[in-house]
Amino acid sequence: MKNDYPHIFSPLTVKNMTIKNRIVMMPMGTNYGEQNGEMSFLHINYYEQRAKGGTGLIIVENASIDSPQGSNGTTQLRIDHDNYLPRLFKFCENIHRYGTKIAIQINHAGASAISSRINMQPVSASDVPSKEGGEIPRPLSKEEILHIVKKYGEAAKRAQTAGFDAVEIHAGHSYLISQFLSPITNKRTDEFGGSVENRTRFCRMVIDEVRKQVGPFFPIMLRLSADELMEGGNTLEDTLEYLDYLQEEVDIFDVSCGLNGSIQYQIDANYLPDGWRSYMAKAVREKFNKPCISMGNVRDPRLLSVSWLTVTQT
């Protein structure tokens, strides 16, 4: 197998992290978290089995940086307080025994939160629901935006302290940063809305704050919906344009697609062909010359000639 696919099984070094191969377990909700937001021992075992199988990099499912406002589920992990560090440290210690590297995805749900769970009105860039028939959110004030930026930075520092090898900022899939980036959900008229530069401002501030907190050698990953696949949303060409404002401090692009309104592409339907979205990762890779992750329906590695698994050889 290694002889057939030498690039897949070759190491990759990004900043101070060396991944033993190009196989990545993507962040996927498990509902294994404790009700209080801690990582359960069942959860730790779940990921440990993937590390035993030889995965090079595990990206842990999204953890809330500001609960309850930013929470998107009753069993979601939390990373908004130091009391979550002991279990996260234990998790990193266990996974590292297998030579696997670990990142954690940090996130604010924004309008994708549900008021009956968080006991308050969800927030967003504008008063536009994150999906058809969804709850109408409250637009964030500038002061609240600055507070959330700080929360992202604090969460990233906790991830570093717990022993994670990298942190991933979730900027896709109809969560809060995505709601600022997308013209579908961002109708603001201040410095956070309108032009491409303005719509990327919140995300850029988050990235800069994370970098400030973790220092220059800790890898930052950015997950994005490269094509929102909805009328009036960002196309791949739009994304390549707005990434000009975001790419400087990003070390790895995690290239996904789709919003809540196009969830059949965000979470691949089984009838979609293998590697169908890998052209998006290829486009980001070719423009910015940085490692990119392609995911989704991947059953035969021979079909991924345009994904990061083969083109990323640095």
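Coordinate-derived values only; no laboratory data. Since the structure is predicted, the reported quantities are computational estimates derived from the model, not experimental observations. Heads up, the Cβs are rebuilt from the backbone with ideal geometry, glycines too, and the neighbour counts pull from every protein chain shown.
Placing a label point 7 Å from the Cα of D244 along the Cα-to-Cβ direction, the residues of region 176-211 whose backbone N falls under 15 Å of that point are 195-201.
Exactly which GluC sites (Glu not before Pro) in region 214-294 are in a DSSP loop and have at most 12 other Cβ atoms within 10 Å? If you can, show how the numbers build up before the last one.
Numbers: sites: E228, E231, E237, E241, E248, E249, E286; in loops: E228, E231.
Passing both the DSSP loop test and the Cβ count: E231.
Were the residues from L85 through N16 laid out at 0.36 nm apart, the gain over their Cα-Cα distance would be 22.7 nm. The GluC sites (Glu not before Pro) of region 98-202 that DSSP puts in a loop, and whose beta carbon has at most 14 other beta carbons within 10 Å, are E132, E191. For S10, the residues 5 or more places off, or on other chains, whose built amide H falls under 5 Å of its own are R22.
Its residues counted as N, region 1-153 yields a C-alpha radius of gyration over 2.2 N^0.38 Å of 1.21.
Using only Cα atoms, locate the centre of region 1-63 and the centre of region 120-183, then give the distance between them in Å, rounded to an integer. Cα centres, region 1-63 to region 120-183: 24 Å.
State whether region 183-264 is rounded, prolate or oblate according to the following rule on the C-alpha gyration tensor (a ≥ b ≥ c being the square roots of its eigenvalues): a/c under 1.5 gives rounded; otherwise a/b larger than b/c gives prolate, and the remaining case gives oblate. Mind showing how you got there, number by number?
Numbers: a/c = 2.28, a/b = 1.40, b/c = 1.62.
In terms of gyration-tensor shape, oblate.
Over the chain, dividing the summed -39,500 (n - 2.57) contributions of all DSSP H runs of at least 4 residues by the number of residues returns a 222 nm mean residue ellipticity of -9000 deg cm²/dmol.
What aspartates and glutamates could a cross-link reach from K142, if we take a straight Cα to Cα line under 18 Å and drop same-chain neighbours fewer than 8 places away? Excluding near neighbours in sequence, the set is D66, D127, D190, E191, E197, D208, E209.
In loop segments of region 1-57 as defined by DSSP, the trypsin sites (Lys or Arg not before Pro) with at most 12 further C-beta atoms inside 10 Å of their C-beta are K2. Site pair D127 and Q49 shows an inter-label distance of 4.8 nm when each label is modelled 7 Å from Cα along Cα→Cβ.
Along the chain, the exposed loop sites are chymotrypsin sites (Phe, Trp or Tyr not before Pro) outside DSSP states H, G, I, E and B with at most 10 other Cβ atoms within 10 Å, and the longest stretch free of them is 1-216.
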